[in-house]
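The values are calculated or read from the model by the stated rules, or taken from the named source; none is laboratory data. All figures in this text were calculated on a predicted structure; none of them were measured in a lab. All Cβ positions, even for glycine, are placed from backbone atoms using ideal geometry, and neighbour counts span all protein chains on display. To get the accessible areas, we keep the full protein, side chains included, count just its heavy atoms, and leave off ligands, DNA and RNA. Shrake-Rupley method; radii C 1.70, N 1.55, O 1.52, S 1.80 Å.
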Amino acid sequence: MESITPILEFKKTCVSYTKQTMAVKYVSAAIEKNTITAIMGPSGCGKSTLLRAVNLMHNLYPNIRVDGEILLNGENIFSMAPIDVRARVGMVFQRPTPFPTMSIYDNVLSGFSLNGIRLSKSEKDLIVERCLKNVALWDEVKDVLNKKGTFLSGGQQQRLCIARALAMKPDVLLMDEPTSALDPIATKHIEELLLELQKEVTILIVTHNMGQAMRISSHSMFMYLGELIEYGDTKNLFSTPRDERTKAYLTGKIG
Amino acid sequence: MYSKTKHRLIKDKAILWGICILATLTAVPLFAILGEVFINGYVQLSWSFFTEPTPTAYKTMQAIENGERIPGGIANGIIGTILILNMAMIVAIPIGILCGIFLSENSKNRFAKIISYLTDLLQGTPSVIVGIVTYIWIVVPMKGYSAIAGSIALFIMMLPLIIRSTEETLKILPTSLKEAGLALGGNRVRVMLKVQLPAAFGGVFTGILLAISRVIGETAPLMFTALGCSFIRWSINKPISAVPLLIWEFFNDPYLQDMIWGASLFLLLFVLTLNVLSKYLKRKWNQ
Amino acid sequence: MNDKIYKIILFIATLVIPIICGGILYALVTDAYEAFEYFGFFKFLTSSEWRYTEGAEQYGALPFILGTLLTTFLALLFCIPFSLPVALFVGEYFKDTKIANFLSTVTDLLAGIPSIIYGLWGFYTLRPIIMSLNISPQGSGILTASLVLAIMIVPYAASLSAEFIKMVPNDLKESAYSLGATKYEVIKKIVFPVAGSGIFSSYVLAIGRALGETMTVTMLIGNTNNIPNSITSTGNSMASIIANQFGEADDLKLSSLIAIGLILFIITAIINMIGKIMIKHARIS
């Protein structure tokens with residue numbers, strides 16, 4: 001384990017909204033390449049905040065402060081240009097957010113158009129087909145690529161958003177409770193998809209659903225009151241939690 | 001493959017600066033206007049400016065020949081404005097509130113939708129047209145300009161403003177408020193008078209203040225209705241002056257140019273105070 | 001008092017609105033009729049003569065219609081480069097901050113200044129500047145009127161546009177940022193397309209304001225009854241010719257001025273109606 005450089009590493013990462021209260025306290029952890037890591041914890045424990053810090057989302061809000069380091073392939077993202085970091089780290093949000101004024105086709109390519117990258121028509125077609133196939137949406141939408149993304153069902157929209165993130169070939173894909181707004185069948189589709197995708201991309205997923213964490217993740221983090229309480233192999237964490245608080249959470253006593 | 005990060009960041013910064021500069025420039029006219037009116041108007045303000053009517057042509061000429069300050073003030077305009085505005089308010093406030101209640105309670109009914117469109121139409125009607133129409137309606141049949149005609153013109157201008165603010169305030173009240181009142185056995189009149197209107201008081205009141213500040217500076221609709229008058233008068237069926245009308249007169253009279261700024265300062269202070277006050281009260285009552 | 005009487009009272013009060021609107025249209029149409037009948041409706045619209053020599057009176061609305069359209073169009077043109085930045089400043093860049101609050105208070109106050117005071121400022125401050133820059137010898141004219149008109153409509157366009165810019169969902173913007181876009185790119189590619197119809201409609205309503213603005217234009221446009229041949233030339237708008245000549249007009253001239261009023265009323269009503277309908281659609285979607 002020591003020999004592989006982690007693709008993502010938290011080093012005493014802190015995030016605070018005000019001077020007094022820290023939402024994330026000194027989190028340190030290393031994420032291996034091509035794994036799915038689930039971040040769990042009761043609401044308000046800082047799991048989303050930690051995830052969003054990896055994409056430098058806090059930079060959009062002037063009163064949020066970060067401390068420590070987050071290393072992406074060994075480079076501290078806090079000292080990089082946010083737009084470069086974000087182009088290499090994809091993100092999928094709780095509610096599906098296809099851009100309402102763009103077609104399905106343009107939605108997949110929105111990462112390029114937003115970054116001002118020009119592509120030829122054949123390049124575009126190739127990317128759209130590859131990404132939509134990646135998220136198992138191609139067969140469903142290949143005849144309606146010019147329709148607005150908002151016409152799709154919730155699950156399809158979320159898969160479109162994943163495709164949009166994958167189009168940029170990110171190193172890491174962040175997912176903030178991506179199935180919480182979806183029905184069970186759509187959730188199952190997304191979970192199967194993530195297991196496929198981990199061959200290509202390292203996934204960090206925030207979830208409040210322990211079943212989901214168990215089904216898809218290889219590693220799990222448990223956070224409580226801003227601290228990373230326990231981090232390890234998902235099976236071990238669920239079967240033999242070392243910390244009392246983890247045990248309490250897993251048995252439903254907190255959360 | 002990726003276009004230059006640096007180039008994009010510079011462009012982003014440049015746009016931000018451009019927006020800040022242009023937005024700041026937009027604030028310049030306000031301070032330029034305030035500055036001009038204050039500096040020129042301040043020197044003219046005195047007690048007699050508010051208590052005396054506009055000077056006659058003879059007195060003005062005399063003062064100019066002797067190199068003295070032009071005597072007189074804008075008392076006739078102030079009294080006219082108060083008279084016209086009060087008459088307009090007495091009618092516009094109750095009718096406006098009643099219409100606002102009607103629109104808030106029947107928002108889905110077809111008749112109410114037509115009324116809503118017509119209220120928008122009225123609100124967008126240029127003030128000069130309100131002046132013409134009031135002239136045709138009132139001045140022609142009464143065979144003369146009058147304070148009544150002026151107040152009817154201002155009434156037409158105030159009405160849609162009061163209707164909209166009342167309607168909007170009532171609409172954002174929680175429906176539970178009305179339901180709770182009705183559940184206690186009150187009929188709809190009582191619930192409206194005892195529960196809904198008191199809860200909406202802040203919004204309705206600030207709406208009225210804003211409506212006053214909008215119409216008090218109106219000149220065009222008064223030119224063809226109240227006409228103007230150079231002495232203090234209290235009758236409502238004769239021509240009467242108003243502060244904006246006086247500014248217009250001073251503007252057109254080469255001998256009275258000096259008095260423009262005092263009258264403007266008075267009007268501007270009044271309008272902006274009402275504006276700031278209504279904004280402050282709105283924020284305070286919203287908390 | 002029971003519910004029935006309450007409803008009847010509300011209904012009767014509400015009838016005031018259709019009565020006033022109907023009354024405005026009726027009064028304008030009946031009093032404009034004489035001019036339309038004498039000159040012919042189409043001829044009145046297209047004639048550029050405005051002559052009051054007894055016996056050979058000739059009145060046409062064309063110079064004033066063109067004067068109005070030109071001042072409004074120019075005002076819109078001058079207004080956009082300022083109102084759009086203000087809208088972005090208040091609705092996006094510095095959303096919900098004290099400085100944004102200050103700027104929107106400033107624009108609110110600008111909206112509150114009576115138009116006659118704008119006219120004074122234009123006449124005594126802006127006109128000398130125009131003269132000293134040798135843009136036009138007399139200082140007043142279409143350009144001067146449009147510049148002040150632009151300042152007057154900036155608050156309306158800016159505050160409404162800001163409202164629509166604020167309504168763009170935050171998660172949509174975050175999604176765009178998460179793909180690596182800069183703020184400018186997010187605004188250009190996401191905020192403008194999503195808020196576009198709302199922003200557009202706020203400019204339509206601003207046009208509606210500018211069309212009927214009377215005192216400022218009357219004081220600055222130069223009041224000549226010709227078709228303006230350049231943006232620095234003098235002219236008259238529909239509102240300003242009425243303000244200038246209504247007082248001493250009678251008979252045919254009065255009817256002609258009222259006919260111009262009717263045209264102005266109809267144009268503003270159409271523009272405002274379009275704007276309001278667009279705003280309603282933009283708010284729903």
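Measuring heavy-atom accessible area with a 1.4 angstrom probe and counting protein chains only, the residues of the stretch C:27-63 that give up at least 40 Å² relative to the chain alone are C:Ala27. Of the cross-linked pairs C:Lys95/C:Lys173; A:Lys11/B:Lys6; A:Lys169/A:Lys199; A:Lys169/C:Lys189; A:Lys33/A:Lys169, which ones have a Cα-Cα span greater than 18 Å in the structure shown? In this structure, A:Lys11/B:Lys6; A:Lys169/C:Lys189 lie more than 18 Å apart at Cα.
Of the residues C:Leu160, C:Pro228, C:Ala210, the one whose Cα sits farthest toward the positive end of the charge dipole of the stretch C:133-285, with +1 on the Cβ of Lys and Arg and -1 on the Cβ of Asp and Glu, is C:Leu160.
Within the stretch A:1-64, the trypsin sites (Lys or Arg not before Pro) that combine a DSSP coil assignment with at most 15 other C-beta atoms in a 10 angstrom radius are A:Lys19, A:Lys33. Mean residue ellipticity, 222 nm, helices only, chain A: the sum of -39500 (n - 2.57) across DSSP H runs of n ≥ 4, divided by residue count and rounded to 500, is -9500 deg cm²/dmol. Which cross-chain or sequence-distant (5 or more) residues have an amide H under 5 Å from the amide H of A:Tyr224, H modelled 1.01 Å from N in plane? Long-range HN contacts for A:Tyr224: A:Ile229.
Quick check on chain C: helices-only [θ] at 222 nm, where DSSP H runs of length 4 and up contribute -39,500 (n - 2.57) each and the sum goes over total residues. Nearest 500, please.
Values: 14 runs with 204 residues, N = 285.
It comes out at -23500 deg cm²/dmol, rounded to the nearest 500.
Highest mobility in the GNM of chain C, judged by mean-square fluctuation with C-alpha springs under 10 Å and restricted to C:Val29, C:Val204, C:Val16, is found for C:Val16. Computed from phi, the 3J(HN,Hα) profile of the stretch A:12-29 under the Karplus parametrisation 6.51, -1.76, 1.60 (θ = phi - 60°) reads 6, 6, 10, 10, 9, 8, 10, 5, 7, 9, 9, 7, 10, 10, 6, 8, 10, 6 Hz, with x in place of Gly and Pro. Using a 1.4 Å probe over protein heavy atoms, the accessible area lost on pairing A with B, summed over both chains, comes to approximately 700 Å². Each of A:His189, B:Val204, B:Ile152 was scored by the projection of its Cα onto the charge dipole of the protein assembly as shown, and the greatest displacement toward the positive side belongs to A:His189; charges sit on the C-beta of Lys, Arg, Asp and Glu. Antiparallel DSSP bridges in the protein assembly as shown: what percent, to the nearest 5? Beta bridges within the protein assembly as shown, antiparallel portion: roughly 55 percent.
The H on the amide N of A:Gly68, modeled in the peptide plane, is under 5 Å from the matching H of A:Cys14, each at least 5 residues off or on a different chain. Taking C:Ile130, C:Ile19 and ordering them by how much accessible surface each has at a 1.4 Å probe, largest first, produces C:Ile19, C:Ile130.
For the stretch C:3-51, the carbon plus sulfur part of the accessible surface works out to 70%, probe radius 1.4 Å. For the stretch C:3-51, the Cα-based Rg and Dmax, in that order, read 18.9, 60 Å.
Each residue of the stretch C:90-104 is assigned a 3J(HN,Hα), and the resulting list reads 7, x, 9, 4, 10, 3, 6, 9, 5, 5, 5, 4, 4, 5, 6 Hz, derived from the Karplus form 6.51 cos²θ - 1.76 cosθ + 1.60 (θ = phi - 60°), x at Gly and Pro.
Highest average first, the peptides A:55-63, A:94-102, B:180-188 ordered by how many other beta carbon atoms sit within 10 Å of their residues are A:94-102, A:55-63, B:180-188. Against the longest alpha carbon principal axis of chain C, how many degrees, from 0 to 90 and to the nearest 10, is the axis of helix C:16-39 turned? The angle comes out at about 40 degrees. Remark: the C:Ser47-C:Asp251 segment gains 71.5 nm on full extension, using 0.36 nm per residue and subtracting the alpha carbon distance. Counting only GluC sites (Glu not before Pro) that DSSP places in a loop and that have at most 15 other Cβ atoms within 10 Å, the longest clean stretch of chain C runs over C:55-247. Per-residue mean of foreign Cβ neighbours for B:131-139 is 6 (Cβ atoms of other chains, 10 Å radius). Shown in residue order for the stretch B:274-281 are the 3J(HN,Hα) couplings computed by the Karplus curve 6.51 cos²θ - 1.76 cosθ + 1.60 at θ = phi - 60°: 4, 4, 5, 4, 5, 5, 5, 5 Hz (x for Gly and Pro). Averaged per residue, the protein assembly as shown has 44 square angstrom of accessible surface, using a 1.4 angstrom probe with ligands and nucleic acids left out.
Entry note, chain B: the mean residue ellipticity at 222 nm calculated from DSSP H runs of n ≥ 4, each adding -39500 (n - 2.57), is -23500 deg cm²/dmol after division by the residues and rounding to the nearest 500. For the residue pairs B:Lys11/C:Lys183; B:Lys279/C:Lys276; C:Lys166/C:Lys276; A:Lys19/A:Lys47; B:Lys282/C:Lys183; B:Lys178/C:Lys7, the alpha carbons lie more than 22 Å apart in B:Lys279/C:Lys276; B:Lys282/C:Lys183.
Surface composition of the stretch B:75-286: carbon plus sulfur atoms contribute 65% of the solvent-accessible area (1.4 Å probe, protein chains only, all chains present). Toward the positive end of the charge dipole of the protein assembly as shown, with +1 on the Cβ of Lys and Arg and -1 on the Cβ of Asp and Glu, the farthest Cα among C:Thr182, C:Ala27, A:Ile229 is that of A:Ile229. Our note on the geometry: Cα centres of the stretch A:158-178 and the stretch C:77-156, 46 Å apart. Under the combined filter of DSSP loop state and at most 10 neighbouring Cβ atoms within 10 Å, the stretch A:1-62 retains these GluC sites (Glu not before Pro): A:Glu2. Per residue, the convex hull around the alpha carbon atoms of the protein assembly as shown comes to 221 Å³.
Show me the trypsin sites (Lys or Arg not before Pro) within the stretch A:101-179 that DSSP assigns to loop and that have at most 12 other Cβ atoms within 10 Å of their Cβ. Walk me through the intermediate numbers first.
Values: sites: A:Arg118, A:Lys121, A:Lys124, A:Arg130, A:Lys133, A:Lys142, A:Lys147, A:Lys148, A:Arg159, A:Arg164; in loops: A:Arg118, A:Lys142, A:Lys147.
Passing sites in the stretch A:101-179 are A:Arg118.
The angle between the Cα long axis of helix C:142-166 and the longest principal axis of the Cα atoms of chain C comes to about 30 degrees, rounded to the nearest 10. Helix C:62-88 and the longest principal axis of the Cα set of chain C meet at an angle near 20°. For the stretch C:63-284, the Kirkwood hydrodynamic radius comes to 18.7 Å, computed from all pairs of different C-alpha atoms. Which longest run of chain B has no exposed loop site in it, a site being chymotrypsin sites (Phe, Trp or Tyr not before Pro) in a DSSP loop with at most 15 other beta carbons within 10 Å, and the site itself not part of the run? Counting only loop sites that pass the neighbour cut-off, the longest clear stretch is B:3-230. Express in % the proportion of alpha carbon pairs of the stretch B:75-286 at distances exceeding 30 Å. The share of Cα pairs beyond 30 Å in the stretch B:75-286 comes to 31 percent. Counting only lysines at least 8 places from B:Lys238 when in the same chain, those with an alpha carbon closer than 22 Å to its own are B:Lys143.
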